Amino acid sequence: MPNTLRHKRSTAAGVVPTTAALSLGELAINTYDGKLYLKKNVSGSETVVDVGAITSGGVIAALGYTPANKAGESFTGAISVAGSITATGDVTAYSDARLKTDVATIAGALDIIRRMRGVRYQRLDTGAAGIGVIAQELRVVVPELVAENDEGLLSVAYGNLVGVLIEAVKELATKVESLGGHP
């Protein structure tokens with residue numbers, strides 16, 4: 001069975017695809033209405049089914065699995081989520097030495113940390129309280145940790161802060177040892 005997910009998209013209100021417009025198994029997404037449709041064969045008759053609102057549950061109902069989580073399969077590209085992500089397992093990123101060049105230990109990590117500012121904040125869109133950093137401020141200190149999307153919104157690779165934190169702790173341990181203490 002091929003691992004290709006085919007879909008069509010509409011941005012007009014109330015547009016429902018016809019059976020002629022879709023291939024069997026193909027999805028149609030109406031981004032205006034937030035609806036998901038699927039063409040399938042029911043007892044020898046092809047029909048377009050309104051799967052419902054575009055949610056992970058709707059995608060699972062249409063496909064029988066979550067495309068990004070089907071065991072042994074993956075996708076290539078970016079994903080953007082409005083809301084929280086909860087995983088029952090670890091979230092990992094490739095960090096294999098074979099994928100890297102020009103590797104160097106982070107120098108002056110403690111000074112880098114001193115230039116960062118941790119903040120508490122309230123999100124304008126949801127009102128939810130949060131803790132983190134301000135991407136615009138962090139970009140001045142460690143630009144490698146900040147990404148910008150097509151609309152100019154900035155995001156932070158929080159997991160990648162670990163490298164700076166590790167080296168800063170090692171610098172602090174060295175200072176404590178030089179004062180006659182134990183790390």
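Here's the yes/no breakdown for (1) modelled with pLDDT of 95 or more; (2) within 14 Å of Asn160 (Cβ to Cβ):
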site	(1), (2)
Gly89	no, no
Thr92	no, yes
Lys100	no, yes
Ala107	yes, no
Ile112	yes, yes
Gly118	yes, no
Thr126	no, no
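Residues checked against (1) touching a strand residue (DSSP E or B) at 6+ places or on another chain (Cβ under 7 Å); (2) more than 28 Å from Gly83 (Cβ to Cβ):
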{"position": "Tyr121", "(1), (2)": "yes, no"}
{"position": "Arg139", "(1), (2)": "yes, no"}
{"position": "Glu144", "(1), (2)": "no, no"}
{"position": "Gly152", "(1), (2)": "no, no"}
{"position": "Ser178", "(1), (2)": "no, yes"}
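When you look at Ala147, is it in a loop (DSSP other than H, G, I, E, B) and within 26 Å of the chain's Cα centre (by Cα), yes or no?
Numbers: in a loop (DSSP other than H, G, I, E, B): no; within 26 Å of the chain's Cα centre (by Cα): yes.
When the stated conditions are applied, Ala147 does not pass them.
Being among the basic types (Lys, Arg) and surrounded by 13 or more Cβ atoms within 10 Å (Cβ to Cβ) narrows it down to one of Arg114, Arg120, Arg139, so name that one. So that I can check it myself, show each step before the final result.
Numbers: Arg114 fails: surrounded by 13 or more Cβ atoms within 10 Å (Cβ to Cβ); Arg120 fails: surrounded by 13 or more Cβ atoms within 10 Å (Cβ to Cβ).
Of the residues listed, the single one that is among the basic types (Lys, Arg) and surrounded by 13 or more Cβ atoms within 10 Å (Cβ to Cβ) is Arg139.
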>> For the list (1) within 29 Å of Gly34 (Cα to Cα); (2) in a helix (DSSP H, G or I), I need the number of the one condition that Ile112 fails.
In response: (1)
> Do you know which residues across segment 85-119 are among the polar types (S, T, N, Q) and either touching a strand residue (DSSP E or B) at 6+ places or on another chain (Cβ under 9 Å) or under 28 Å from Leu153 (Cα atoms) (or both)?
Replying inline: Thr86, Thr92, Ser95
> Any idea which residue in segment 150-176 is nearest to the chain's Cα centre (by Cα), counting only those that are part of a strand (DSSP E or B) and surrounded by 13 or more Cβ atoms within 10 Å (Cβ to Cβ)?
Replying inline: Val156
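From the list Val140, Val156, Val146, Val164, which residue is of a type in the set (Val, Ile, Thr) and in contact (Cβ under 8 Å) with a residue 40 or more places away in the chain?
Working: Val140 fails: in contact (Cβ under 8 Å) with a residue 40 or more places away in the chain; Val156 fails: in contact (Cβ under 8 Å) with a residue 40 or more places away in the chain; Val146 fails: in contact (Cβ under 8 Å) with a residue 40 or more places away in the chain.
So the residue among Val140, Val156, Val146, Val164 that is of a type in the set (Val, Ile, Thr) and in contact (Cβ under 8 Å) with a residue 40 or more places away in the chain is Val164.
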> Of all the strands (runs of 3 or more DSSP E) wholly in segment 1-73, which have at least 3 residues that are exposed (fewer than 15 other Cβ atoms within 10 Å of the Cβ) and modelled with pLDDT of 80 or more?
Replying inline: 45-53
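The values are calculated or read from the model by the stated rules, or taken from the named source; none is laboratory data. All values derive from a computational prediction rather than experimental measurement. Ideal geometry is used to build each Cβ from the backbone, glycine not excepted, and the neighbour counts take in all protein chains shown.
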